[in-house]
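Only the coordinates and a few stated rules stand behind these numbers; no lab work does. It should be emphasised that the depicted structure is a prediction, and the values quoted were computed from it without experimental measurement. All Cβ positions, even for glycine, are placed from backbone atoms using ideal geometry, and neighbour counts span all protein chains on display.
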Amino acid sequence: MNPSDSDASRFRSTSTDRRGERDLDDLLVHVARGDQVAFEAIYDRLAGPVYGVIRRVLRDPSQSEEVAQEVLLEVWRNAARFDPAMGGAATWVLTIAHRRAIDRVRASTAAAEREQRNADIHTPRDEVAEAVEASLDRERVRRCLDALTEIQRESITLAYYGGYSYRQVADLLSVTLGAIKTRIRDGLIRMRDCLGVS
Amino acid sequence: MRLLRHDLHALTGAYALDAIDRGAERERFTRHMNGCPSCASEVRGFREVGTAMAFAAALEPPPAMRAEVLAAVARTRQLPPEIKTHARPRRTRTWVPWLSGAIATAGIVVAVLFGFAQAHTQTELNQARAQNQGLAAIEARSLAELDRARNQNQLLAAIMAAPHVRVLSQRSTRGGVAVVLLASVRHQLIVTTSGLPALPAGKVYQLWLIGKTRIVSKGLLPPARSGQTAPVVASGLVAGDKLGLTVEPAPGTKQPTMTPIIALPV
């Protein structure tokens, strides 16, 4: 029997809290010491959201796959620099994923093509509904987005899923820069409270 | 224009969603956050909202991706932890993981580039010494080689020290990968490659800057050693350029004769 099988099961213990954040933190500590089995467990838990959020921003499947691979490799390389005091492992990984997707959007001339493809901006609710995997997270996020004002919801969705800068969002929604900053922040405060994150 | 403090604070949301463009505004906010524990903690909470939104968008990745990532992991060296020399209060530390990620990536590239330059110089020297038998001419030649390598090192160092350096990479359509260190403020970049297929005699890899109105040759890739090519510096970048790589008849052509096997927007 392959000894790594039992190793793998070692990391499939029950979650200790929401999405098993603490589990993931532990896994990342093992990854930092070069444990490839722990990395596989991280992959199995986070590759879906990593790929999903990148895909949402970039749209193009092959570019998204490329960026997702870079992000996951970066997680492996930089695991020793993860600091649990600064936030959970999932947030660390998904922050990198979102940032890399944004970097790709802003760096590439594909931005122009992408804007062409997105010329008609879909309503945020459709965006959320597009997700293929039904999940509790999806329901929760949708419920909390629904509780926002329209401007709050649209600005957060355009910024996070659409990959637009707040200046572009202000332009798209014909709102002043000062107002859009406030709407995004107020909306996120409500989202944070609704989702029950710290 | 100076921003009022409370205006900066209002940027926590945009910052957490990566919705502030790179540049002066983001740097100003990052500096502000360094001394603003409540901003840092707010950003942390907002990032968790982002995490929930990412989970809500989860998609099954392409099936082949898992094996590819795990194979890449198996052959990739990890970075050591950062040793913190100054103990600073935790709560005032800025939380900028993507930045440390970028710096870490740049660190790898730097290590590779310098390792390359040094190995190269060392080999040249050893070769020169081996043939040498004390001939002054050969010593002089190897010193010139060393000088050239030193100048190249200084140029590489200057580019890498430029503000807002970014690391990009792209796989070629024929296999192998190009890694580019981009210093937009200097309009320069450094290209290294690994794993490009070996070319038949009489063929070379040629680099191009491809813009909307012009295509400029940026020279040839040097021959690969152990599958990697030494760093090449390209100057004269213009916004909207792509870095292109083609296979051309030696000693290179004035304009590309084929579709680039790499076309990386820089």
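Per-residue shielding of A:149-159, expressed as the average number of other chain Cβ atoms within 10 Å of the residue Cβ, stands at 2. Rank B:11, B:52, B:29 by how far each Cα sits towards the positive end of the charge dipole of region B:1-59 (+1 on Lys, Arg Cβ; -1 on Asp, Glu Cβ) and give me just the farthest. Looking along the dipole axis, the top candidate is B:29. Its alpha carbons give region A:41-103 an Rg and a Dmax of 11.1, 35 Å. In sequence order, region A:42-47 has phi-based couplings of 4, 4, 5, 8, 10, 4 Hz under the Karplus curve 6.51 cos²θ - 1.76 cosθ + 1.60, θ = phi - 60°, and Gly or Pro positions carry x. Backbone geometry of region B:228-234 corresponds, through the Karplus equation with coefficients 6.51, -1.76 and 1.60 at θ = phi - 60°, to 3J(HN,Hα) couplings of 10, 10, 5, x, 10, 9, 10 Hz, x marking Gly and Pro. Couplings for region B:13-27, taken from phi via the Karplus curve 6.51 cos²θ - 1.76 cosθ + 1.60 with θ = phi - 60°, read x, 4, 5, 5, 8, 6, 9, 9, 4, 3, x, 4, 5, 5, 4 Hz in order; Gly and Pro are left as x. Can you tell me which lysines have their Cα less than 19 Å from the Cα of residue B:203? Leave out same-chain residues fewer than eight positions away. Partners within reach: B:218, B:254. The order of B:254, B:218, B:203, A:181, going from fewest to most other C-beta atoms within 10 Å of their C-beta, is B:254, B:203, B:218, A:181.
Residue by residue along A:136-142, Cβ atoms of other protein chains within 10 Å of the local Cβ number 4 on average.
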